[in-house]
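J.: Take this structure first; my questions come after.
The values are calculated or read from the model by the stated rules, or taken from the named source; none is laboratory data. Since this is a predicted model, take the numbers as computed values, not measurements. Positions of Cβ are backbone-derived with ideal geometry, glycine not excepted, and every protein chain shown enters the neighbour counts. Please note that ligands, DNA and RNA were not included when accessible areas were found on the heavy atoms of the full protein model with its side chains. Shrake-Rupley method; radii C 1.70, N 1.55, O 1.52, S 1.80 Å.
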Amino acid sequence: MGKKSFFLGPCGSGTRMKLVVNMIMGSMMAALSEGIALAEATDLDGQTLLDVLDLGAMANPLFKMKGGKMLTDKRDYAPHFPLEHAQKDMRFACSLADQAEVQMPVASAANQLFISARSQGFSREDLSAVIEALRTKRDDK
């Protein structure tokens with residue numbers, strides 16, 4: 001449970017807030033996945049990338065909690081928030097955005113990456129397994 005309670009308005013407001021928050025988290029995981037994949041593919045140390053991120057304005061608990069487990073030599077995707085649930089929320093958030101006539105190109109692209117990871121068998125793994133969709137594409141070359 002959260003550390004603070006919020007009154008968000010009429011029925012359904014809490015659900016919409018959850019979708020917005022989880023859409024942001026999914027987009028952040030997709031961006032972190034791309035960064036780690038690019039660092040590793042260009043012979044940069046993934047842990048050093050995480051250390052650099054942790055020192056700057058982008059430092060955040062999500063990267064700290066998930067980043068190290070996503071590195072090639074770790075690949076620890078014990079589920080805390082299953083990828084299939086994250087992708088469902090991404091899909092619903094994109095649908096909500098369509099209804100509200102709000103463009104979300106970043107979230108839409110992130111959703112596609114989650115869909116790719118699901119199709120590769122990572123549905124029940126942690127949402128951080130989204131990085132494997134990028135690795136599979138690279139490994140196919």
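J.: Based on the Cα atoms of the stretch 3-45, what semi-axes does the equivalent ellipsoid have, where each is the square root of 5 times one gyration tensor eigenvalue, given in whole Å with the largest first?
T.: Taking √(5λ) for each eigenvalue gives 36, 10, 4 Å, largest first.
J.: Compute the accessible area per residue over the chain, keeping the other protein chains in place, probe 1.4 Å, unit Å².
T.: 62 Å²
J.: Once you put a point 7 Å from the Cα of residue 112 and another 7 Å from the Cα of residue 69, both along the Cβ direction, what distance in nm separates them?
T.: Once both label points are built, they end up 2.8 nm from each other.
J.: For the pair residue 136/residue 98, report the inter-label distance in nm, with labels modelled 7 Å from Cα in the Cβ direction.
T.: 2.3 nm
J.: Under 21 Å between alpha carbons: how many lysine pairs meet that in the stretch 1-140, if sequence neighbours fewer than 8 apart on the same chain are excluded?
T.: Pairs that pass both the separation and distance tests number 11.
J.: If you take the alpha carbon radius of gyration of the chain and divide it by 2.2 N^0.38 Å, what ratio comes out, to two decimals?
T.: 1.09
J.: Over the chain, with a Gaussian network built from C-alpha contacts below 10 Å, which listed residue (120, 99, 112) shows the highest mean-square fluctuation?
T.: Highest fluctuation of the listed residues: 99.
J.: Hey, what do the phi angles of the stretch 58-71 turn into as Karplus ³J(HN,Hα) couplings, whole Hz, using 6.51/-1.76/1.60 and θ = phi - 60°, x for Gly and Pro?
T.: Karplus values, whole Hz, x for Gly and Pro: 8, 4, 7, x, 4, 5, 5, 6, 9, x, x, 6, 8, 5.
J.: What number, rounded to the nearest 500 deg cm²/dmol, is the helix-based mean residue ellipticity at 222 nm of the chain, given -39500 (n - 2.57) per DSSP H run of at least four residues and division by all its residues?
T.: Dividing the helical sum by the residues of the chain leaves -21000 deg cm²/dmol.
J.: Rounded to the nearest 10 degrees, what's the angle between the helix 46-55 long axis and the longest principal axis of the chain, both from Cα atoms, 0 to 90?
T.: 50 degrees
J.: Now, a different point. Taking θ as phi - 60°, what are the ³J(HN,Hα) couplings along the stretch 95-105 by the Karplus curve (6.51, -1.76, 1.60), each to the nearest whole Hz, with x for Gly and Pro?
T.: With coefficients 6.51, -1.76 and 1.60, one gets 5, 4, 5, 4, 4, 8, 6, 10, 6, 9, x Hz.
J.: Using a basic spin-label model with each label point 7 Å from the Cα along Cα→Cβ, how many nm lie between residue 88 and residue 7?
T.: A separation of 3.1 nm, rounded to one decimal place.
J.: Which residue, 118, 75, 91, tops the fluctuation ranking in a GNM of the chain built on C-alpha contacts under 10 Å?
T.: 75
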